[in-house]
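J.: Below is a structure I'd like to ask you about.
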Amino acid sequence: MAPEIFSRLAIYLTEMGVALLISYLLWRLSLVYKQSYIRSWFFALLAFGIYQLMILLQWATPSSLVPTAIMQFTVVFCSYGFAVYLLRGMVQTRGSDAHLLGRVSNGRLIVLLSTAAIVSIVPFGWSDTIDAWQRYFQLYFRLLLMGILLLTAAVSLLQRTDNALGQRLAVFSMSLWGVLYIAYTIWQVLSTRQPADIQLLLIYKCVELFLLSCLGLALLIWLHEHERNTNRQLSEKALYLDRYDQLTGALNRDALLTLLQEKLQQPLSASTYLLMLGLDKFKTINESVGLKQGDILLRQLNQRLEGSILKPALVARTGGDIFALALTDIKTTTQLQFALRHLQQLVEKSFDLAGGPLQLSCTIGIASAPEDASTAESLLQKANIAYHQAKRLQQRSLAYKAGMEDESARLIGWETELLSAMRNDELILYFQPQINLRDNKLEAFEVLVRWQHPVKGFLMPGQFLPFVEQLGLSRQLDFWILHKAVKTISEWRKQQIQIPLAVNMSPLHFQQDGLKQKIQQLLLQYKISPDLLELEITENTAMHDMEKGSNHVLELQQMGIRVSIDDFGTGYSSLAYLRRMPIEKIKIDRSFVMDMAGNDSDMIIVKTMIKLAHGLGKRILAEGVETAMQLQLLRNLSCDTVQGYYFAKPLSEQDALNFARQPVSL
């Protein structure tokens, strides 16, 4: 009897120890890899170790110490938990939540296992008539169900695409283990021998221990192979990213330079053209449709470029929305022009995004080898210079020419000086009076800007504003002028002067969201009433995006800020647009006012504009009034307000204050 007891203790303790050791190793690995299937394997092996411990306690411990129902519940719960969590882990290795076990939370799974354990135990404590069936439900049915679950786990694992050693060994172990449970159950049900036959039990447990060890070894080998494969994939990804752009799959800049240099070193019968293609207003598109949709757009564009009939030798992404294409089979200027038109058409073709189709345009810079450069890096630099020059000149395409570097360097110098001028208050506000003809009083000042350059002297707007636009500094300058104007209103109010100031707004700044918040912050900072600030937007700005423009104007008017359209008559001049745009005042461009005394056409245009504005409930202001005759004609035409050199040239701040304190003389 003693050898049998020792054998049973040894086999159960060994199984328990192996299971707990493997579960500990899996727990440590789960902290490193953070994979859900490793945690499921840990729970499975932990449950199996506890399952073996409970069976041993049932056999070796008197029922008075530990209630039989509790031990039996733990045995059933842990045995089912082992099989279910093992199956769940194998399902999770497929990386999909399509299977039910992949979606059920641990809490719900524990409740389900507890319910199954309770159903297997409670009925036999209530009725003695069914006690004969207890062994069938608590042992044979349980082992049969565990065998089916293990076979299901093996089948689930076979559906993985890889066929590594760890996976094959795990399939082998679970398949034999499932067959062992099913065969043992069938043999016990059909056999006439006593179920407690110790020799059969020891053989059964030895096979189970062998399969447990095989499964544990399989899982550890699997994880080692996974780590090795992960490292290999990371190395491959690093090599890929060393040459290719992660977002689009196009070559990156370094790979472009390497491959382009190789091509330039080969004897070629024709020039090699490098085209720098950049999307227009891509930043605005990202802000409107979102970064993810912007990424999709870039991928679609790369696919179009690589699949183009031009068959570019190289396609690379060198910047956010900038692609470089190397063309080696262009032999004539006509072919080059065809290539440029084709690329522009590829970009202008609608892009399919979640928010609907979107149309774009592009700018292209061109450089050729060996004419412009003999090395890849120099060729890329020349194409980049041509691209940025085309952007500044608002041309669709531009070929590199000698001397463009000097222009770029000059613009960089202007950029540095302009930013410094805004920081150091070198820019100065000037003010041009706007006179109300109905009461002959000063109505407002239009704010203009001058630059007191420390070296170049006093600069007029035409000497630096073009560079502001080319360098993309319009928004910064607008906000600087806006801030300075609001501050000036605050200072004038302290001197008992409350005259509204009209500030011109660039198209880019007006179309950006957040302008309302910026103005609100300034008004609160200086405690200024919004009716002392007026924004002037050009007609083309207002009509570019009618719905968005109307919303922006409406938001500003709700704040109490007046909005007027500047240079009216030089843009779309659409009556429907003007009727829908909620503006307060329309400014007639000076080009119509200057010659209206001697030009009947200009006179008719001005007269029509005034009647049109009044018919729509808008006020009208005429710019460029320089003579008494022009003033009288405008008065006769019922023009509301005028401004021009007849009253005063743009005034310095002190002169403007003096002008405001004196009555207007007409």
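The values are calculated or read from the model by the stated rules, or taken from the named source; none is laboratory data. Only a predicted model underlies this, so the values are computations on that prediction, with no experimental measurement involved. Virtual Cβ from ideal backbone geometry, glycine too; neighbours counted across all protein chains shown. We work out accessible area using only protein heavy atoms, side chains counted, and drop any ligands, DNA or RNA first. Shrake-Rupley method; radii C 1.70, N 1.55, O 1.52, S 1.80 Å.
J.: Against the longest alpha carbon principal axis of the chain, how many degrees, from 0 to 90 and to the nearest 10, is the axis of helix 198-241 turned?
T.: 20 degrees
J.: Turning to a different aspect of this structure: For the chain, what % of the accessible area comes from carbon and sulfur atoms, probe 1.4 Å?
T.: Details: 18650 of 32910 Å².
Ligands and nucleic acids excluded, carbon and sulfur give 57 percent.
J.: A further question follows. Between Ile428 and residues 5 or more places away or on another chain, which pairs have amide H atoms under 5 Å apart, with H built 1.01 Å from N, and which residues are they?
T.: Arg450, Trp451, Gln452
J.: Compare the peptides 309-320, 491-502 by average per-residue count of other Cβ atoms within 10 angstrom and give them in order, highest first. Write down the numbers at each step before the final one.
T.: Working: 309-320: 17.4, 491-502: 15.3.
Ranking the peptides 309-320, 491-502 by packing returns 309-320, 491-502.
J.: Report the calculated FRET efficiency for Arg410 and Arg253 (r = Cβ-Cβ distance, R0 = 25 Å), to the nearest 0.05.
T.: Values: r = 26 Å, r/R0 = 1.04.
E between Arg410 and Arg253, to the nearest 0.05, is 0.45.
J.: Provide the solvent-accessible area of Ile481, counting protein heavy atoms only and rolling a 1.4 Å probe, rounded to the nearest 10 Å².
T.: 20 Å²
J.: Keeping all protein chains in place, calculate the accessible area per residue for the chain (probe 1.4 angstrom), answer in Å².
T.: Working: 32910 Å² over 666 residues.
Each residue of the chain exposes 49 Å² on average to a 1.4 Å probe.
J.: With only Lys, Arg, Asp and Glu charged, each at its Cβ (+1 for the first two, -1 for the last two), find how big the charge dipole of the chain is about the Cα centre; round to the nearest 20 debye. Don't jump to the answer; show the numbers that get you there.
T.: Working: 63 positive and 59 negative charges, 243 e Å.
Using Cβ point charges on Lys, Arg, Asp and Glu, the chain gives about 1160 debye.
J.: What pairs in Lys311/Lys401; Lys487/Lys516; Lys441/Lys487; Lys441/Lys484; Lys518/Lys649; Lys281/Lys618 have C-alpha atoms more than 28 Å from each other? Before the final figure, lay out each step's value.
T.: On the way: Lys311/Lys401 26 Å; Lys487/Lys516 17 Å; Lys441/Lys487 24 Å; Lys441/Lys484 25 Å; Lys518/Lys649 30 Å; Lys281/Lys618 33 Å.
Over 28 Å apart, Cα to Cα: Lys518/Lys649; Lys281/Lys618.
J.: Hey, another quick one. Dividing the convex hull volume of the Cα atoms of segment 341-498 by its residue count, what figure in Å³ per residue is obtained?
T.: 224 Å³
J.: Could you order Glu371, Glu446 by accessible surface area, starting with the largest, using a probe radius of 1.4 Å? Can you show the working numbers first?
T.: Values: Glu371 115, Glu446 10 Å².
Solvent-accessible surface, decreasing: Glu371, Glu446.
J.: So how much slack lies between Gln394 and Tyr24, counting 0.36 nm per residue of separation and subtracting their Cα-Cα distance, in nm?
T.: That works out to 126.5 nm of additional length.
J.: Determine the relative contact order of the chain: mean sequence separation of Cα pairs under 8 Å and six or more apart, normalised by residue count, in whole percent. Could you put the intermediate results ahead of the total?
T.: Details: 932 pairs, mean separation 47.8, N = 666.
It rounds to 7 percent for the chain.
J.: As a test of reading the structure, rank Leu180, Leu411, Leu145 by solvent-accessible area (1.4 Å probe, protein chains only), most first. Mind showing how you got there, number by number?
T.: Numbers: Leu180 30, Leu411 5, Leu145 60 Å².
Largest accessible area first, the residues go Leu145, Leu180, Leu411.
J.: Okay, next question. Just read off the accessible area of Glu262 with the full protein assembly in place, 1.4 Å probe, to the nearest 10 Å².
T.: 100 Å²
J.: Rank Asp245, Asp439 by accessible area, highest first, at a 1.4 Å probe radius? Can you show the working numbers first?
T.: On the way: Asp245 25, Asp439 80 Å².
Sorted descending by solvent-accessible area, the residues read Asp439, Asp245.
J.: For the pair Arg228 and Thr115, what calculated FRET efficiency results from E = 1/(1 + (r/R0)^6), where r is the Cβ-Cβ distance and R0 = 51 Å, to the nearest 0.05?
T.: On the way: r = 41 Å, r/R0 = 0.81.
Between Thr115 and Arg228 the formula returns 0.80.
J.: For segment 493-506, in order, what is each residue's ³J(HN,Hα) by Karplus, 6.51 cos²θ - 1.76 cosθ + 1.60 with θ = phi - 60°, in whole Hz (x at glycine and Pro)?
T.: After applying 6.51 cos²θ - 1.76 cosθ + 1.60, I find 4, 5, 9, 6, 10, 10, 10, x, 10, 9, 10, 6, 10, 6 Hz.
J.: Something else now. Leaving ligands, DNA and RNA out of it, work out the accessible area of Trp27 with a 1.4 Å probe and give it in Å² to the nearest 10.
T.: About 100 Å², ignoring ligands and nucleic acids.
J.: Over segment 222-369, what relative contact order in percent results from Cα pairs under 8 Å that are six or more residues apart? Write down the numbers at each step before the final one.
T.: Details: 185 pairs, mean separation 44.6, N = 148.
Computed over segment 222-369, the figure is 30 percent.
J.: Let me spell out the model: positive unit charges on the Cβ of Lys and Arg, negative unit charges on the Cβ of Asp and Glu, origin at the Cα centre of segment 380-432. What dipole size does that give, in debye rounded to 20? Before the final figure, lay out each step's value.
T.: Working: 7 positive and 7 negative charges, 83 e Å.
Here the size comes out at about 400 debye.
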